[in-house]
1. On average, how much accessible surface per residue is there in the chain, in Å², for a 1.4 Å probe, leaving out ligands, DNA and RNA?
2. Would you please classify the overall shape of the stretch 88-158 from the alpha carbon gyration tensor, given that a ≥ b ≥ c denote the square roots of the eigenvalues, rounded means a/c under 1.5, and beyond that prolate means a/b larger than b/c while oblate covers the rest?
3. Taking Cα pairs under 8 Å and at least six residues apart, what relative contact order does the stretch 223-350 come out at, in percent?
4. Output the relative contact order of the chain, whole-number percent, from Cα pairs under 8 angstrom with separation of 6+ residues.
5. Can you tally the net charge around Ser142? Count Lys and Arg as +1, Asp and Glu as -1, for every other residue whose Cβ sits under 12 Å from the Cβ of Ser142.
6. Where does the charge balance sit around Phe341 when Lys and Arg score +1, Asp and Glu -1, over other residues with C-beta under 13 Å from its C-beta?
7. Collect residues whose amide H, placed 1.01 Å from N in the peptide plane, falls under 5 Å from the amide H of Cys87; neighbours closer than 5 in sequence don't count.
8. Which of the lysines could a cross-linker span from Lys2 if the Cα-Cα distance has to be under 20 Å and same-chain partners fewer than 8 positions apart are dropped?
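The values are calculated or read from the model by the stated rules, or taken from the named source; none is laboratory data. Because the structure is predicted, anything quoted here is derived from the model rather than measured. Note that we place each Cβ from the backbone using ideal geometry, even for glycine, and neighbour counts take in every protein chain shown. These accessible areas exclude ligands, DNA and RNA; they are computed on the full protein's heavy atoms, side chains included. Shrake-Rupley method; radii C 1.70, N 1.55, O 1.52, S 1.80 Å.
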Amino acid sequence: MKLAVDCRMLGSGGIGSYLAALLPFFVKEYECTLFGNCELIKKYAGEENYSVVECQVLTFSLKEMFAFPENLKKLINSCDFYYTPYCNIPGGIKIPIFSTIHDVVFLDVPGLSGKLGTIARKWFYQHALNKSTKVFTVSNFSKERIQAHLRTKQNQIVTTYNALPQWFYQDVNNSVQKENYILFVGNIKKHKGLNTLLDAFKIILSKGIDAKLMIVGNSENFRTGDSDIWQQIASCPKDSVVFTGRITDSELKEIYAKAKVLVQPSLYEGFGMPPLEALSLNTDVVLSDIPVFKEIYNNFPVTFFKCQDSEDLAQKLIDNWSNFGSNCIKVPSVYSFEKTFEIIKTNLYN
C-alpha cells in the first residue's frame with residue numbers, strides 16, 4: 001500500500017514531535033511518499049526505503065489551498081492514502097484523506113485569538129472534517145470537544161492518544177541529584193495557567209519554602225507576550241524566577257530530571273505532554289484537575305489541585321514538599337506510539 005505523508009511540520013513544536021515519532025512506523029509498514037524539508041525527513045524517518053520530495057509551500061497558505069504544485073499533487077494522488085498530522089489539507093487531493101485535530105482550544109477558550117482568527121481556525125477544522133475519511137485526536141476529551149463545536153460524521157473521530165517519543169528514553173541518568181526548583185514547561189497563553197502558579201509560588205515562599213521557579217523559555221518572549229504575566233514575575237523576590245532560554249532536547253531532559261517537581265497548572269489541554277515527560281524522568285508532578293488530565297493521568301502517581309485555585313496549589317506544594325524527589329516513580333506503560341500507529345493503521349484499512 002502507498003501512503004503520502006505531509007511532513008512540513010516536522011521540527012515545529014508538539015505537532016512536529018508527534019509526526020516525528022510516527023514516521024518510522026509509517027515507512028516500515030508502507031511504501032511512503034514524504035514531502036517537506038528533505039533534511040528533517042531523513043533525520044526522523046530512518047533508513048527505510050521511501051520517496052522524499054522537497055516542499056516549501058507554507059501550511060495554511062493560499063498557495064497550499066489553490067496552487068499546490070501539480071507534480072506533487074500527481075505523486076500524492078498516485079498513492080492509496082494521504083495522512084497529515086494536522087488539519088491543513090492542500091487542494092486537489094483525490095485519494096482518501098486521514099487528518100489530525102489535536103484540540104480545539106481556540107474554540108473553547110475565549111480570547112486566545114481575535115474574532116477573525118477564531119473563524120479561520122474553525123473553517124480549517126471543519127474543512128478537514130469534510131475532506132477526511134477519519135480524523136484522529138489525542139484524547140476522548142478532545143474528541144468530545146470536536147463533536148461539540150463541529151459537524152462530524154458517525155464514527156469519524158478516532159482517539160489515538162499521545163506518547164513519549166523513543167529518543168526521550170535514551171541516555172537517561174536516573175541517579176541525577178534533585179535541586180530545589182519547581183519546573184514549568186509551556187507558554188504564557190491564558191489556558192496554560194502560569195498566573196495561578198506564580199501566585200502559588202509567592203505563597204509558598206512566604207511560608208518559608210526554599211525554592212526557585214524555573215520556566216522553560218526565553219524571558220523576552222514573556223515580556224512582549226503578556227504584560228500581566230511579566231508584572232507577576234517582576235513582583236516575585238529577586239532571582240527566584242529563572243528562565244532557561246532556548247535549550248536543546250538533551251538539556252530539557254536534564255532540567256526535567258533535576259527538578260524537584262513539575263507543576264502543570266493548565267486550564268485546558270488536548271493531552272498535555274510535560275507531566276508524562278517529567279514522570280518518565282522520576283520527577284513528581286502536580287497538575288490541575290481539568291477533565292483531560294483526569295482522563296490521561298488518573299491512574300498515574302500525580303497530585304491534583306483545584307484548577308485556577310492558587311491557594312490549593314500552594315497547599316499541595318507545601319504538604320508534599322519534603323516528599324518530592326525522594327521516591328522512585330513507577331509510570332504505567334499505557335501510552336506508546338506503537339499503539340498509536342496500530343490504531344491509525346487499523347483505521348486506514350476500515
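1. Details: 16650 Å² over 350 residues.
The answer is 48 Å² per residue.
2. Numbers: a/c = 2.31, a/b = 1.30, b/c = 1.77.
Note, shape of the stretch 88-158 comes out oblate.
3. Details: 117 pairs, mean separation 24.7, N = 128.
19 percent.
4. Working: 597 pairs, mean separation 51.8, N = 350.
Over the chain, the number comes to 15 percent.
5. Numbers: positive: Lys143, Arg145; negative: Asp103, Asp108, Glu144, Glu269, Glu295.
It works out to a net charge of -3.
6. 0
7. Counting only residues 5 or more places away or on other chains, the set is Thr100.
8. Lys28, Lys42, Lys73, Lys74, Lys94, Lys131, Lys134, Lys345
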